[in-house]
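Asks: Provided herewith is a single structure, encoded as structure tokens, for subsequent inquiry.
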Amino acid sequence: MIVDLVLHNAKAYIKGEILECSIAIEEGKYIKIGKQPQMPNADQKIDLHGLLVLPGLIDEHVHLRDEEKTYKEDFISGTSSAAAGGFTTVLDMPNNQPITNSVKTFKNRLEIAKRRTLVNIGLYSEFPENLTTLTKISYEGAIGFKLFMGNQIGGLNIDDDQALKNGFKAAGEANTVVAIHAEDKNQITLNEHQFKKNKRNGVKDYLLAHTEQTEVQAIERAIRTSEGSNACLHFCHITSKQGLETIKEAKKAGKNVTCEATPNHLLLTSADTARLGMIAIIAPPLRAKLHQDALLKGVIQGDIDTIGSDHAPHTIEEKTVDSVWDVKVGTPGLETTLPLMLTLVKKKIVTFQKLVEVFAEKPAEIYSLTNKGKLEKGKDADLTIIDYKRHWTIAASKFKSKAKFSPYNNWEVIGKPVKTFVNGILIMDENEIVANPGSGRIIQKTTQ
């Protein structure tokens, strides 16, 4: 038998251990993992010279823009950024232009993504205005549904508890994930009104408007209104100690609840917002160090299930405005997330095992990506290959993303993704994209 590809001299993370092995790939699947003499002949052989091989990493929280926001990012630049950052699968949020929240807008976005993606991509939908169409959108392949509680996006009236209950019920019946941006809209609106009235428009005012309590209130409300719905709630970018404690209590009570943190909230604090200014304005915002410490502890102890980049590209003009109320929130993260976390591994703050859990195993489990998340025979041959000894400096000007700024610009990091394989195809090699748009596959819920 002659297979498509054999990777030799790998150090691969398999079932909690790093093993020296070779990996055989045929038709985009792993068919054999073992010692080199046991490998079949192959059309192509690559010597990895002892590089670390991880199961293809999944970023379940990205904003790839495209459609009417291609000036910020598009599927080609965004998935190039993903491949350069070591991610083989990304899940794309629906707050686009037009908003993805109907069968028509979902199918249109899907067709565009098919032609332009370099890595595997799944698409979220917002809740539709007519909840009877939620099942139809799910059937078309929506990976999940996003609920923004801090501002009105999509068709679900977030000011109405009964509307939330109906939305969660519909999601539960469709057996789909609800990814939640948990901030209380009413409290934030009231806070912002007072600051604007008093002509307070600095970065500190933004933090005071988006307090920790606005997050906690939204988490509690989502859990309360989802009672009896059978919906799977995944809380995005948790930022506060009390918010995490609320989620932990819900888990203990048997609720179907999981949560995510971002590297931003694990590595930066409100002091960095004061230092960096508008560049560091994200939603929810950076918090005080006690919250940062609680989140990092939550990752280490397994209370936080996943880490997502919340990759949110904007133009530099949109990030350098005079008033904080006019700034576009968010920062690019696909090319910095893994190196930042690898540096924590190198510092022995987190383990390789935890890295694989939060970036591969748990996202695959939560989103029912049954063929991903592990290096096992029969699963998709998505691989993230890392030089975990390489020291280098983050340079935002060299990003594949159209957004050439970062709060981590000039940070020194240890560990770098050097090759990214998607379905057995080499997509990125030493920061160069070596495949064509369309090489990635569309992840659709109905195909899992």
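Asks: Given the conditions (1) more than 20 Å from the chain's Cα centre (by Cα); (2) free of Cβ contacts under 8 Å to residues at least 12 places away in the same chain, which single one is not true for Thr351?
Replies: Here Thr351 clears every test but (1).
Conditions (1) part of a loop (DSSP other than H, G, I, E, B); (2) under 24 Å from Val6 (Cα atoms); (3) at pLDDT below 95, marked per residue:
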residue	(1), (2), (3)
Gln353	no, no, no
Lys374	yes, yes, no
Thr384	no, yes, no
Ser397	no, no, no
Lys404	yes, no, no
Pro407	yes, no, no
Thr446	no, no, yes
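Asks: Hey, Glu183 hits all of (1) farther than 26 Å from Ile58 by Cα; (2) of a type in the set (Asp, Glu); (3) assigned to a loop (DSSP other than H, G, I, E, B) but one; which does it fall short on?
Replies: Exception for Glu183: condition (1).
Asks: Could you pull out the residue among Cys236, Cys259 that is touching a strand residue (DSSP E or B) at 6+ places or on another chain (Cβ under 8 Å), touching a residue at least 60 places away in the same chain (Cβ under 8 Å) and either of a type outside the set (Val, Ile, Thr) or assigned by TED's automatic domain parsing to the domain that holds Lys354 (or both)? Walk me through how you get there before you give the answer.
Replies: Values: Cys259 fails: touching a residue at least 60 places away in the same chain (Cβ under 8 Å).
Every option except Cys236 fails the conditions.
Asks: All but one of (1) surrounded by 12 or more Cβ atoms within 10 Å (Cβ to Cβ); (2) over 30 Å from the mean Cα position of the chain (by Cα) hold for Leu48, so report the exception by its number.
Replies: Only one criterion in (1) surrounded by 12 or more Cβ atoms within 10 Å (Cβ to Cβ); (2) over 30 Å from the mean Cα position of the chain (by Cα) is unmet by Leu48, namely (2).
Asks: Among the residues of the stretch 262-277 satisfying the criterion of being in contact (Cβ under 8 Å) with a residue 40 or more places away in the chain and not in a helix (DSSP H, G or I), which is nearest to Val350 (Cα to Cα)?
Replies: Only one residue tops the list, namely Thr262.
Asks: Looking at the stretch 210-250 only, could you name the residues that are more than 15 Å from Met149 (Cα to Cα), surrounded by 23 or more Cβ atoms within 10 Å (Cβ to Cβ) and not β-branched (Val, Ile, Thr)?
Replies: Ala231, Ser240, Leu244
Asks: Would you check if there is a residue in the stretch 97-117 being farther than 26 Å from Ile427 by Cβ, in a helix (DSSP H, G or I), small (Gly, Ala, Ser) and more than 15 Å from the chain's Cα centre (by Cα)?
Replies: Going residue by residue through the stretch 97-117, those that are farther than 26 Å from Ile427 by Cβ are 97-99, 101-105.
Filter once more, so that each one left must be in a helix (DSSP H, G or I): 103-105.
So of that shortlist, the ones also small (Gly, Ala, Ser) come out as none.
No, the conditions are met nowhere in the stretch 97-117.
Rundown of residues vs (1) in a helix (DSSP H, G or I); (2) over 25 Å from Thr269 (Cα atoms); (3) among the polar types (S, T, N, Q), yes/no style:
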{"site": "Leu134", "(1), (2), (3)": "yes, yes, no"}
{"site": "Tyr139", "(1), (2), (3)": "yes, yes, no"}
{"site": "Asn191", "(1), (2), (3)": "yes, no, yes"}
{"site": "Arg200", "(1), (2), (3)": "no, no, no"}
{"site": "Gln213", "(1), (2), (3)": "yes, no, yes"}
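Asks: Output the number of the condition that Glu357 fails; it satisfies all remaining conditions of (1) touching a residue at least 12 places away in the same chain (Cβ under 8 Å); (2) acidic (Asp, Glu); (3) more than 30 Å from Thr320 (Cβ to Cβ); (4) out of contact with any Gly (no Cβ under 8 Å at 6 or more places or on another chain).
Replies: Failing condition for Glu357: (4).
Asks: Quick test of your reading of the structure: Ala253 fulfils all but one of (1) of a type in the set (A, V, I, L, M, F, W, C); (2) crowded, with 20+ Cβ neighbours inside 10 Å; (3) over 12 Å from Asp303 (Cα atoms). Name the failing condition by number.
Replies: Ala253 satisfies all of (1) of a type in the set (A, V, I, L, M, F, W, C); (2) crowded, with 20+ Cβ neighbours inside 10 Å; (3) over 12 Å from Asp303 (Cα atoms) except (2).
Asks: Here's another thing I want to ask about it. With the structure loaded, tell me whether Leu147 is surrounded by 23 or more Cβ atoms within 10 Å (Cβ to Cβ), modelled with pLDDT of 95 or more and assigned to a loop (DSSP other than H, G, I, E, B) or whether it fails that test.
Replies: Details: surrounded by 23 or more Cβ atoms within 10 Å (Cβ to Cβ): yes; modelled with pLDDT of 95 or more: yes; assigned to a loop (DSSP other than H, G, I, E, B): no.
No, not satisfied.
Asks: Let me ask another. Within the stretch 11-23, is even one residue farther than 23 Å from Ile443 by Cβ, in contact (Cβ under 8 Å) with a residue 24 or more places away in the chain and in contact with a Gly (Cβ under 6 Å, 6 or more places away or on another chain)?
Replies: Looking through the stretch 11-23, at least one residue is farther than 23 Å from Ile443 by Cβ, in contact (Cβ under 8 Å) with a residue 24 or more places away in the chain and in contact with a Gly (Cβ under 6 Å, 6 or more places away or on another chain).
Asks: Given the options Pro332, Pro313, Pro284, Pro363, name the one that is more than 30 Å from Asp205 (Cβ to Cβ) and under 18 Å from the mean Cα position of the chain (by Cα).
Replies: Details: Pro332 fails: more than 30 Å from Asp205 (Cβ to Cβ); Pro313 fails: more than 30 Å from Asp205 (Cβ to Cβ); Pro284 fails: more than 30 Å from Asp205 (Cβ to Cβ).
Result of the check over Pro332, Pro313, Pro284, Pro363: Pro363.
Asks: Tell me which residues, restricted to the stretch 201-235, are among the small types (Gly, Ala, Ser) and more than 14 Å from Asp184 (Cα to Cα). Working first, answer last.
Replies: Let us first name the residues in the stretch 201-235 that are among the small types (Gly, Ala, Ser), namely 202, 209, 218, 222, 226, 228-229, 231.
Answer for the stretch 201-235, where residues must be among the small types (Gly, Ala, Ser) and more than 14 Å from Asp184 (Cα to Cα): Gly202, Ser226, Gly228, Ser229, Ala231.
Asks: Looking only at the stretch 32-45, which residues are touching a Lys or Arg at 6+ places or on another chain (Cβ under 9 Å), within 10 Å of Val6 (Cα to Cα) and surrounded by fewer than 18 Cβ atoms within 10 Å (Cβ to Cβ)?
Replies: Matches in the stretch 32-45: Lys32, Pro40.
Asks: Which members of the stretch 344-387 meet the condition of being of a type in the set (Ser, Thr, Tyr), farther than 14 Å from Ile14 by Cα and crowded, with 19+ Cβ neighbours inside 10 Å?
Replies: Tyr367
Asks: Would you check if Ile121 is within 30 Å of Gly277 (Cα to Cα), outside any helix (DSSP H, G or I) and in contact with a helix residue (DSSP H, G or I) (Cβ under 6 Å, 6 or more places away or on another chain)? Show your work before the answer.
Replies: On the way: within 30 Å of Gly277 (Cα to Cα): no; outside any helix (DSSP H, G or I): yes; in contact with a helix residue (DSSP H, G or I) (Cβ under 6 Å, 6 or more places away or on another chain): yes.
No; evaluated as a whole, the condition is false for this residue.
Asks: May I pose another question? For residues that are among the charged types (D, E, K, R), outside any strand (DSSP E or B) and without any contact (Cβ under 8 Å) to a residue 24 or more places away in the chain, tally how many sit in the stretch 412-444.
Replies: The initial filter retains those residues of the stretch 412-444 that are among the charged types (D, E, K, R), namely 412, 416, 419, 429-430, 432, 441.
Subsequent filtering for residues that are outside any strand (DSSP E or B) retains 430, 441.
Restricting the remaining residues to those that are without any contact (Cβ under 8 Å) to a residue 24 or more places away in the chain gives 430.
Number of matching residues: 1.
Asks: Output yes when any residue across the stretch 350-357 is over 30 Å from Gln44 (Cα atoms) and either in contact with a Phe, Trp or Tyr (Cβ under 6 Å, 6 or more places away or on another chain) or among the aliphatic types (A, V, I, L, M) (or both), and no when none is.
Replies: Within the stretch 350-357, one or more residues are over 30 Å from Gln44 (Cα atoms) and either in contact with a Phe, Trp or Tyr (Cβ under 6 Å, 6 or more places away or on another chain) or among the aliphatic types (A, V, I, L, M) (or both).
The values are calculated or read from the model by the stated rules, or taken from the named source; none is laboratory data. Just so it is clear, the structure is predicted and the values come from calculations on it, not from any experiment. As a convention, Cβ positions derive from the backbone with ideal geometry for all residues, glycine included, and neighbour counts pool all protein chains shown.
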